[in-house]
Amino acid sequence: MNDSVNLQLTRRRFIKGVIFSGAAATSGAGAYLAANAQSGNGGAERLISLTINGRTRRVDVPPTETLANTLRYRLNLTGTKIGCNRGECGACTVLIDGVPNYACSVLTHNIKAKDVISIEGVKAADGSLHPIQQAFIAENAPQCGFCTPGQVMSAMALLSNNPRPTKAEAAQAMSGNLCRCGAYEHYLNGVLRASGQIA
Amino acid sequence: MSTHIGFDFTPPDVPGKVTGEIKYAEDYRREGMVFARLLTSPLPSGRVVGIDASEALRMDGVLGIFTADDLPPVAPPGNPALASEYVTYVGQPILAVAAISEEIAESAIEKIRIDFERRPFVVDPIESLSPGGANAYPEGNVLVRTEEEGPEGAPIRGAEIRDVKWPRSAIDALKSGKEPVGGEFTTEWAFGDVDAGFAEAAAIVEEPFVTIGYPHHSLESRTCMAYWENGKCFFHGSSQSQSANDNGLARMLNIDPADLVFINEATGGGFGSKIGPYPFMAISGNFAKVLNRPLQLRITREQEFYIGSARSGMQGWIKMGVKADGKVSAVDLVIVNDGGMTGGGSHNSSAQHVTVAYQPENMRFRGITVYTNTTPRGAQRGPGQNEMAAVLAPIADKAAKAIGMDRVAFRRVNAIDSDGFQGGSQAPVTSAFVREALDQGMRTFGWNEKQALAKQNGSKVRGLGVGIGFHGAGGRGYDGLVRIGTDGKLYIHSGVGNLGTYSYAGTCRAAAEALQMPWDRCEILRGRTDNNLPHSSGQGGSNTIFTHTRTNWVAAQDAITKLKEIAAQDLGGNANDYEIGDERVFASADPSKGLSYAQAAARAIELGGKYSGQEYPDDINPITQRSVQALAGSGLIGVAKDNIPGQGTPPGILVGFCEIELDKDTGKVEILDYTAVADCGTVVHPKNFDNAMRGGAVWGFGMAGLERHVYDPQNGLPANTGIYQSKPPTYLDVNVNTKMGAVNIPDPQNPTGGRGIGEPTQGAAAAAYASAISDALDGHLFNTAPTTTDMIINHLAGNDYSTKSLKTNTF
């Protein structure tokens, strides 16, 4: 039985006949230009002003674009990772007005009046690492490291609200950040180290 | 005295991970880069009758379409990058569309219409083996080895897919926990006299078991980006391995390996699914070549579930006989593997686990892998061994109980030692100290003390468990390459991949140790082919520590020999009159007479020949040869193949002890305590050892309690393609106060003493967890991995729906 009545050509004929069309071969000069010129389903782009890591960034963004996409693909802030792109893993966690958020689940147009801190904004101006970053290094906490930027952001938010969390409190606070490598205990020890509870 | 091995250090890529500065494959961009996306099968099984892409190809920004016909053919059951005539699982890629943006490529895919002819499908191996059962492939359901008589009587060996069916009686027997007499197998071996072994047993246990496969869910969905420049292909790919990819990927791209630059600084998890070049790498590289543009193909989380590989499942039966003194006298084991759409199954590794964990005096094994219309299967952290550990531990507990023996004592009686064996061929191991690990673990965990504690607390009941994990942990024969520069620094070239175990760095410490170099005077070159890397093993199989401490050691020894020879040439005497220390080579009789490493490197360049890489050993791999050629004249080159004598499998073995609390009202299991002790030789990097142990334990708890494939058996559709539904453990699912230790007895076949341990960390935890659940429920055997909350609740309610009949791949 056939599941479609749209049989117009055999696969072989199709392959021989139409792929790599001449029109296609002459089009396009790069992804970024293309993204600006035409959006597949995101609607018209609008120039907006964002506050990212203390800097004002002006960027063209369609109304349906997520903050994760804007950070990574328009602002080249690739430290924010996309693990699932549907709010399940926490790899894309950023701080919005100090609150951890999944950047894959936030529309960029909705944070125009807010302060966003991504992993690139965690280091001090002089380049020195934040205590949580130092502690994660000391605990050798990252394994593959893909979740680490998100873990750093959640740990920062935790410590700003609760400077001396218990291990159980830290686990609860960071439970939205999946680590497939299973380095949880080392991240938690990093939180305790950064909060001065272990040396 | 050791200066590097056994000491903590910070691997050089760790800071980049906490700052987000380190780059993964998808973080790279290239001017003019275009994007490809995949159109995947919505059906579990069918035939592609026709494709209409005319509307898609008329879209502005669409550059082209790639199909299987653009790639070398792959015969079933190989895993083609793009399906040919038949699709055999939901999510199987059929074609790729390239466009100037991902959005346009996605929109174009929506415009493509494909005519399918539906075919029967199957998601349960035993159903496929049953009379009248569907076959996953048109040709059949099992890969069978063939042998024909060729010219002059020489056998021609091959393999083909055939339709294998068992008699109904064998199916019914397996489902009811009995030997499936009359069933056909593709792998069989035995040693000793199994019948005699059972005859002298004081007790015999006989149980069915089922383990369900599940995806790796590496947090980084695999991405590849390729571009061609000056006749070379520059390929950014998410991969566990580095040099080990060179030849296979070059074949995919139909180029000489010398024309490939594979770039992979960091990898967002692999766990076996990214050990070598994976099929869709062929799309990125070849499509980029055809379009003459940099091309990136990243896949979605859901597609990672489909094509990212998964662990095989098992449905099986085991009969174990034990003598009154606790010695396992006989094992009879049958395993039907779920191979998904590809994969040979890992049943032989499962049987190998039995041999290592219990050293049976007599054993028979029979196995068969059956294809199902589920995702491709491949290596996943201790494939075969770890899932066997999970289901075997409670069965072994039952055997111990049958003869009235403590469960740890039972394992101690049967523990492998340095004279022990592994596998059906009863091959030797390099060394093993499992009794020492059990003793250390018992003390640390407080096994005896915890036995005396009250078991019941309201609706909650405590359980204690013990488990053993094993994986072969090392290889031989790879190359090491180091260079002493005229700046006096030691440059260690590593072809080991970086999936987060940091063993690439730990193994480099062996060269620093041998050359007595301060670590801050060493630099590791890795992560891209044009860093001139040696031939290295794939970054998997727990093998890197053993394999590449050895390669770096022999390369350093070669450098030391050359340092001494140069000193003898310049300063008199012979090489044996010299030694090294403090970044110098000097005369033993007069330490003031010598050369600094920097001076020796400059002299090596002047001398040329073998000293600076113009000449090199005949036995090094062509990959290493190319790297040495590129480095020639840049310093003192130390290069050698690992020819360190010895034999046997270096075993990575772990014992785990687990205490749980099971709530009989809810089925919830809380892990109160977990302690593990490794027998992995010398611990090379303690902090990283701890992290590997704990990460493996998390994987073990996931395997034993949470993770599994779920398919709708009516339609063959996967139900848990995302992370949330697949339930990999979170912070709140595991114990975060674990205690990790090591026997720390050096392996005699490694100059640094180390063996690997990455994979058995999972098996031991899974086994100990399963053992603890059985203990909490008075010895009840679920014989499943995972044993999920619904199974526990159903058992407590007297309902065997969740676990009966070896059901797999569904709720």
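The values are calculated or read from the model by the stated rules, or taken from the named source; none is laboratory data. Computed from a predicted structure; not experimentally measured. Every residue, glycine as well, gets a Cβ built from its backbone with ideal geometry; the counts of neighbours run over all protein chains shown. Calculation scope for accessible area: heavy atoms of the full protein, side chains included, ligands and nucleic acids excluded. Shrake-Rupley method; radii C 1.70, N 1.55, O 1.52, S 1.80 Å.
Summary of computed values
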| item | result |
| --- | --- |
| Checking B:R755 against (1) crowded, with 24+ Cβ neighbours inside 10 Å; (2) within 20 Å of B:T787 (Cβ to Cβ), the condition it does not meet | (2) |
| Options B:A512, B:A505: the member that is farther than 19 Å from B:G633 by Cβ, touching a Cys at 6+ places or on another chain (Cβ under 6 Å) and not charged (D, E, K, R) | B:A512 |
| The range B:772-791, residues that are among the hydrophobic types (A, V, I, L, M, F, W, C), in a loop (DSSP other than H, G, I, E, B) and more than 23 Å from B:L453 (Cβ to Cβ) | B:L781, B:F782 |
| Test for B:D747: is it in contact (Cβ under 8 Å) with a residue 24 or more places away in the chain and more than 27 Å from B:G423 (Cα to Cα) | no |
| Single condition B:P120 does not satisfy, out of (1) in a loop (DSSP other than H, G, I, E, B); (2) away from chain A (no Cβ under 14 Å) | (2) |
| Of the criteria (1) part of a helix (DSSP H, G or I); (2) in contact with a strand residue (DSSP E or B) (Cβ under 6 Å, 6 or more places away or on another chain), which one B:R145 fails | (1) |
| Enumeration of residues in the range B:691-733 that are surrounded by fewer than 21 Cβ atoms within 10 Å (Cβ to Cβ), among the charged types (D, E, K, R) and outside any loop (DSSP other than H, G, I, E, B) | B:D712, B:D733 |
| Subset of the range B:300-312 (residues that are surrounded by 21 or more Cβ atoms within 10 Å (Cβ to Cβ) and either of a type outside the set (A, V, I, L, M) or outside any strand (DSSP E or B) (or both)) | B:E304, B:F305, B:Y306, B:I307, B:G308, B:S309, B:R311, B:S312 |
| Count of the range B:498-544 residues which are open to solvent by less than 10 Å² (accessible area, probe 1.4 Å) and among the aromatic types (F, W, Y) | 2 |
| Residue in the range B:91-107 that is surrounded by fewer than 21 Cβ atoms within 10 Å (Cβ to Cβ) and at pLDDT 95 or above present | yes |
| Test for A:S175: is it closer than 30 Å to B:T300 by Cα and assigned by TED's automatic domain parsing to the domain that holds A:T66 | no |
| Matching residues, the range B:14-27, being within 9 Å of chain A (Cβ to nearest Cβ) and either part of a loop (DSSP other than H, G, I, E, B) or buried (at least 19 other Cβ atoms within 10 Å of the Cβ) (or both) | B:V14, B:K17, B:V18, B:T19, B:G20, B:E21, B:I22, B:K23, B:Y24, B:E26, B:D27 |
| Which listed residue, of B:L706, B:L672, B:L732, is without any contact (Cβ under 8 Å) to a residue 60 or more places away in the chain and either within 14 Å of chain A (Cβ to nearest Cβ) or β-branched (V, I, T) (or both) | B:L732 |
| Residues that are facing chain B (nearest Cβ under 7 Å) and within 21 Å of A:G87 (Cβ to Cβ), drawn from the range A:99-144 | A:I119, A:C144 |
| Per-region count, the range A:156-199, residues under 12 Å from A:G90 (Cα atoms) and crowded, with 23+ Cβ neighbours inside 10 Å | 5 |
| B:S349 vs. criteria within 17 Å of B:T211 (Cα to Cα), open to solvent by 10 Å² or more (accessible area, probe 1.4 Å), modelled with pLDDT under 95 and out of contact with any Cys (no Cβ under 7 Å at 6 or more places or on another chain) | no |
| Residue under evaluation B:E147, criteria (1) in contact with a Ser or Thr (Cβ under 9 Å, 6 or more places away or on another chain); (2) away from chain A (no Cβ under 12 Å), criterion not met | (1) |
| Answer residue from the range B:211-236, given it is charged (D, E, K, R) and closer than 20 Å to B:K289 by Cβ and is surrounded by the most Cβ atoms within 10 Å (Cβ to Cβ) among those | B:R222 |
| Residue ranges of helices (runs of 4 or more DSSP H) in the range B:390-469 with at least 3 members open to solvent by less than 10 Å² (accessible area, probe 1.4 Å) | B:407-414, B:434-445 |
| Test: residue in the range A:75-87 that is within 12 Å of chain B (Cβ to nearest Cβ), buried (at least 24 other Cβ atoms within 10 Å of the Cβ), part of a loop (DSSP other than H, G, I, E, B) and of a type in the set (D, E, K, R) | yes |
| Residues being buried (at least 24 other Cβ atoms within 10 Å of the Cβ) and either touching a strand residue (DSSP E or B) at 6+ places or on another chain (Cβ under 8 Å) or not in a helix (DSSP H, G or I) (or both) - total across the range B:281-292 | 6 |
| The range A:161-192: number of residues that are facing chain B (nearest Cβ under 9 Å) and assigned to a loop (DSSP other than H, G, I, E, B) | 10 |
| Total residues in the range B:237-267, condition within 13 Å of another protein chain (Cβ to nearest Cβ) and buried (at least 24 other Cβ atoms within 10 Å of the Cβ) | 5 |
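Every residue, every condition in (1) facing chain A (nearest Cβ under 8 Å); (2) crowded, with 19+ Cβ neighbours inside 10 Å; (3) touching a helix residue (DSSP H, G or I) at 6+ places or on another chain (Cβ under 8 Å); (4) in a loop (DSSP other than H, G, I, E, B), yes or no:
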| residue | (1), (2), (3), (4) |
| --- | --- |
| B:H4 | no, yes, yes, yes |
| B:P12 | no, no, yes, yes |
| B:R30 | no, yes, no, yes |
| B:L39 | no, yes, yes, no |
| B:V48 | yes, yes, yes, no |
| B:G64 | yes, yes, yes, no |
| B:D69 | yes, no, yes, no |
